Amino acid sequence: MIDAAPLILTLAFDEPTFARFDGERRRYFPEVLNHIPAHATLFHHLPGDRERGVIETITALARTVPPPEVAVTGLRFTGRGVAYVLESDALVRFRALLAQKFASHLTAQDGQGWRPHVTVQNKVSPDKARALHADLSAGFAPFRFIAPATLLWRYRGGPWDAAACLPFGENT
């Protein structure tokens, strides 16, 4: 039986970066709404009924790309939350190539401009979000990490189900 539940593609973090982002997400995201780990989404909805082809396409491209360096350059106030801003030319190129390959399957959300980020707070009052943004901004120092892989998830309406880890680089 083919599983048509959509696939989500996110960026994997190295262990210290994941610990930082996920720790903050657990601390600041409303607990009742926090069903998934900290993540940076590359695509929100890839065709679940084509999982094998999606995995093959991402794997083939990811093998040609060295693990990208990603800069965490600041914080973004989102109105009802806070996110870390990510910058990486290599990651932008990788995502753009995938977007070309999946063009006929992209939703409007995935087809528009991409602003990579990691949300650590969402769905709170604007005042609470503004306060956290100010607090985190006051102590923020830019940093970098190397992204080892992408992670593919299946979305069935609740917590995401892990589907695959697709490493960058040839030596995987």
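Within region 43-60, how many residues turn out to be in contact with a Pro (Cβ under 8 Å, 6 or more places away or on another chain) and open to solvent by less than 30 Å² (accessible area, probe 1.4 Å)?
Adding up the residues that qualify gives 4.
Going by the structure shown, is A38 open to solvent by less than 20 Å² (accessible area, probe 1.4 Å), within 19 Å of A129 (Cβ to Cβ) and at pLDDT 95 or above? Before you say what the answer is, go through the steps one by one.
Numbers: open to solvent by less than 20 Å² (accessible area, probe 1.4 Å): yes; within 19 Å of A129 (Cβ to Cβ): yes; at pLDDT 95 or above: yes.
Yes.
Considering only region 42-57, I want to know if a residue exists there that is in contact with a helix residue (DSSP H, G or I) (Cβ under 9 Å, 6 or more places away or on another chain), charged (D, E, K, R) and part of a strand (DSSP E or B). Show your work before the answer.
Residues of region 42-57 that are in contact with a helix residue (DSSP H, G or I) (Cβ under 9 Å, 6 or more places away or on another chain), as a first pass: 42-48, 50, 54, 57.
From the residues that got through so far, the ones that are charged (D, E, K, R) too are 50.
Within this subset, residues satisfying the condition of being part of a strand (DSSP E or B) are none.
The answer is no; no qualifying residue exists.
Scan region 116-151 residue by residue and report those that are small (G, A, S) and in contact (Cβ under 8 Å) with a residue 40 or more places away in the chain.
Restricting attention to region 116-151, the residues satisfying the condition of being small (G, A, S) are 125, 129, 131, 134, 137-139, 141, 147, 149.
Hits for region 116-151 are S125, A129, S137, A147, A149.
Taking region 7-31 only, how many residues are charged (D, E, K, R), surrounded by 13 or more Cβ atoms within 10 Å (Cβ to Cβ) and in a helix (DSSP H, G or I)? Let's see the steps before the verdict.
Within region 7-31, the subset charged (D, E, K, R) is 14-15, 20, 22, 24-27, 31.
When the remaining residues are screened for being surrounded by 13 or more Cβ atoms within 10 Å (Cβ to Cβ), the result is 14, 20, 22, 24-26.
Remaining after also requiring in a helix (DSSP H, G or I): 20, 22, 24-26.
Matching residues across region 7-31 total 5.
Does A38 satisfy being in a loop (DSSP other than H, G, I, E, B) and over 14 Å from A163 (Cβ atoms)? Give the derivation first.
Values: in a loop (DSSP other than H, G, I, E, B): yes; over 14 Å from A163 (Cβ atoms): yes.
It is true that A38 is in a loop (DSSP other than H, G, I, E, B) and over 14 Å from A163 (Cβ atoms).
Got a sec? Which of L46, L9, L33 is in contact (Cβ under 8 Å) with a residue 24 or more places away in the chain and closer than 20 Å to P148 by Cα?
Values: L46 fails: closer than 20 Å to P148 by Cα; L33 fails: closer than 20 Å to P148 by Cα.
Only one candidate qualifies: L9.
The values are calculated or read from the model by the stated rules, or taken from the named source; none is laboratory data. Since the structure is predicted, the reported quantities are computational estimates derived from the model, not experimental observations. Cβ sites come from the backbone with ideal geometry, for glycine too, and all protein chains shown count toward neighbours. Only protein heavy atoms, including side chains, enter the accessible area calculation; ligands, DNA and RNA are left aside. Shrake-Rupley method; radii C 1.70, N 1.55, O 1.52, S 1.80 Å.
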